[in-house]
Structure formats: C-alpha cells, structure tokens
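One structure is given here, and the rest of the page talks about it.
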Amino acid sequence: MLHLDALNSPAAEIILSLSIMLLAGFLATRLTQKLRLPNVTGYILAGIAVGPYVLGLVPGSVIDGMDFVTDIALAFIAFGVGRYFKLEKLKETGAKVIVITLLEALAAFGAVTAAMLLVFRLPLPFCLLLGAISSATAPASTIMTIRQYRAKGPFVNLIVQIVALDDAVALVAFSMCSAMVSAVDGAGAVRPMTLLAPLLWSAAAVLGGVLAGLLLHALVDGSRSREHRLVLVIAVLLAITGLCAIVDISPLLACMAVGTAYINAGGRKLTFEEVSDATPPILLIFFVLSGARLQVPMLATAGLIGVCYFFVRILGKYLGAWAGCAVCRTQASTRRWLGLALVPQAGVSIGLAALAERILPGPEGLMVSTIILSSGVLYEMVGPACAKAALFLSGTVRKQPSEEEKPEEAAGEDSGYPKAS
C-alpha cells in the first residue's frame with residue numbers, strides 16, 4: 001500500500017490527503033444514510049478509517065499540521081449560531097426558553113463536572129472543560145426527526161428554540177472555563193492577571209465581532225452578487241479568527257457576535273443560507289480530521305470514564321429540562337419528555353474538544369478528545385430514536401407517516417431553523 005508520507009513533495013502529500021478525506025467522508029455517508037444516521041457520524045467513522053490507527057492513508061504529519069481547520073470550521077459554526085439571537089424572536093418567546101435552556105445546559109455541566117471530580121478524582125481543569133462541552137447539543141438529528149414525522153405544535157417550537165440557544169450557552173461556558181483553567185499554574189495557585197487577560201481579550205473580541213457584524217451589514221446588504229457576498233463574509237470571519245489566534249483565544253464568541261450583530265442590524269437570512277451552502281467541504285474535512293485524531297488505543301483507558309460521561313450527561317440534560325419546565329409551568333407531557341430530544345451531541349462539542357486538547361497537557365487533552373469523539377458517535381446513533389420517542393410519548397405525533405410522504409416536506413420548517421444536513 002502506498003503511504004503518502006513516503007512522497008517527497010509536501011504539497012502533493014497535503015493535496016492528496018485532502019482528496020482522500022473528502023472521498024472517505026462522502027463514501028461513509030452512503031452507508032450512514034442507509035442506516036438513517038447523521039452525516040457527522042459517517043465523517044467521524046471515515047476519519048478513524050483513514051487515520052493512522054486503521055488504514056493509515058492520511059499521514060500523521062498532515063493531521064498535526066491542520067489545526068487551523070478547527071478554528072475556521074468553528075468560525076462558520078459560531079457565525080450560524082449568532083443568527084438565532086435576533087432580539088425580536090427572543091422577545092416573542094419570552095423568558096421561558098432562556099430559563100429552560102440555561103437549566104438543562106448547566107445541569108449537564110454540573111452533573112458531568114461533579115461525576116468526573118468526585119467519582120474519578122480527575123484534575124479540576126479536565127472536569128471543568130469536559131463539563132462545559134457536555135452542555136452542548138447537536139440539533140441536526142432532532143430536527144431531521146421532527147421533519148420526518150411532520151411534527152407540529154408548542155412542543156416542537158420549544159425544542160427548536162432550545163437547541164438554537166443551547167450551543168451559545170456551551171460556547172460561553174467553555175470560554176469562561178478555559179480562561180479559568182489558563183489562570184491556574186502548575187502548583188494549583190490562581191494567577192489573577194492570567195485569568196483577567198483572556199476575559200479582557202474575549203470581551204474585546206466580542207466587541208470587535210459586533211463592529212464587524214455591523215460593517216458586514218453595510219457592505220453585504222445592497223446590490224452585491226451572491227459571489228461577492230460570500231467573499232466578504234468569509235473574509236470578515238477569517239480576519240476575526242486570525243486576530244483571535246494572535247492573542248490565543250477561541251474565535252467562537254467573536255464570530256457568534258458577528259452573526260448576532262449582522263442579523264439584528266437588519267441582515268438577511270439568505271446570507272446565512274449562502275454561507276451554509278458554501279461550507280460543507282470545510283466542515284466535512286473538520287469532522288474527518290477529528291475522527292483521524294481519535295486516539296484509538298486510549299479508548300481502553302477512557303472506557304469507564306466515557307461510559308460514565310455518556311449516561312451522566314443524558315441524566316443531567318433530562319433533569320435540567322424537567323426542572324426548567326417545572327419552573328416555567330409547562331404542560332406535564334412537555335416536562336416529562338423534552339429532555340429526550342436533547343440527547344444528540346456533535347458539531348460544536350467536537351470543535352470544543354479540539355480546543356480543550358490544546359489547552360490541557362498531553363494525556364488529559366487526548367482523553368477529553370477521545371471521550372467526546374467516541375461518545376459523539378453513540379449520541380448521534382441513539383439521538384434520532386430518543387427524539388422520535390419524545391415526539392410520540394408527548395402526544396405531538398400519533399401515527400407513522402405514509403411512505404409517500406417526503407421527510408424534507410415535514411412540518412417544523414416555519415420555525416426558522418435551517419434544514420438539517
């Protein structure tokens with residue numbers, strides 16, 4: 001078998017590796033679609049297959065040299081999340097969605113952090129970052145299930161609003177925890193200036209993101225062609241991401257601020273859809289790279305911890321959603337079954353795991369990445385079944401759709417949430 005690292009041309013090695021990752025991701029989705037699993041699951045499995053621990057088609061040197069792909073992919077993801085912070089929509093939904101989202105996200109964060117700290121006696125930085133990542137939810141599986149069964153009603157509206165805000169809570173929680181982790185020295189003492197600096201830089205990045213979003217609105221919304229709109233949006237996001245890299249902070253909050261400022265300034269939803277249509281190859285490479293980075297030998301070491309994380313996060317999400325619904329006095333059926341629709345996890349969580357791997361020292365960082373990647377595959381497999389159970393048990397859906405019905409025509413599209421990939 002020809003190994004790319006045997007080539008004498010670094011450029012050829014990188015280009016062929018990119019081709020292999022794209023083709024592997026595409027071929028894997030042919031299988032996952034037949035199994036009715038999300039594309040993300042196929043991408044991760046493809047990465048594991050072409051990575052150094054299975055087929056070894058993509059050299060480790062190429063994988064190690066593509067960290068920038070993580071930042072770029074997260075920039076696009078965060079920009080899309082910012083779309084859902086439109087003030088008009090937030091005022092319409094009132095405090096109910098915010099309360100439920102905060103409680104379910106923070107309950108998962110607290111449960112996972114406590115379990116890792118008290119049961120496994122793991123270092124506090126590890127526990128905090130893993131807990132922050134656990135608060136994220138991947139909406140694609142849930143949204144696809146809603147469309148498939150043509151689900152409508154208050155329960156469905158509540159789900160799509162929560163999953164839209166959920167990742168934003170995770171981004172903020174992770175940014176705060178990463179700043180705290182960076183402020184602790186090797187002896188466990190807190191260095192106030194080290195804690196303050198990342199927070200100040202993050203605040204400055206958010207302000208810069210808001211200004212960039214307003215500038216983007218002025219530049220993009222006019223007589224620009226689709227191609228020029230894409231060029232301007234991508235240029236702004238890359239500029240923000242690069243500036244964040246200079247001061248060694250995550251671009252997540254800044255790029256989310258760009259999207260938030262743009263939509264609230266009167267920006268068009270079409271711009272977000274155009275960016276979403278242009279980024280699948282980047283996101284595919286990002287997820288395949290994440291799978292290729294999975295330390296397969298560490299699965300044995302992380303086994304019990306990973307199993308604990310898998311179930312404790314689900315428990316935290318369920319209890320947090322139940323408590324939020326109880327506080328907001330929702331219907332009993334909503335209170336009982338909302339948590340089941342919040343099980344899937346991928347996308348943002350995988351990006352945050354890649355950032356955590358940079359922040360934590362060697363084995364701990366690899367452990368976080370291993371836990372999130374392996375559990376992410378499981379979450380994306382059981383997520384659709386959990387979402388389906390939530391829809392049926394809550395009484396939102398009472399019968400199976402006929403064979404003639406097309407999933408993409410299903411209800412829920414008027415909620416404003418993007419089509420699931």
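Bear in mind that the values in this text are calculations on the coordinates, not laboratory data. Everything numeric here is computed off the predicted structure, so don't read it as measured data. We place every Cβ from the backbone using ideal geometry, glycine too, and count neighbours over all the protein chains shown.
Here is how the numbers come out for the structure above:
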| quantity | calculated |
| --- | --- |
| Separation of alpha-carbon centers, the range 30-70 and the range 252-317, rounded to whole Å | 15 |
| Cβ-defined net charge surrounding residue 227, 13 Å radius [Lys, Arg +1; Asp, Glu -1] | +1 |
| Unsatisfied cross-links (Cα-Cα over 27 Å) in the set 96/317; 86/317; 96/269; 86/152; 91/269; 269/388 | 269/388 |
| Packing-based order for 264-273, 101-110, using average beta carbon neighbours within 10 Å, highest first | 101-110, 264-273 |
| Total formal charge among the other residues, if their Cβ is under 11 angstrom from that of residue 324, Lys/Arg +1 and Asp/Glu -1 | +3 |
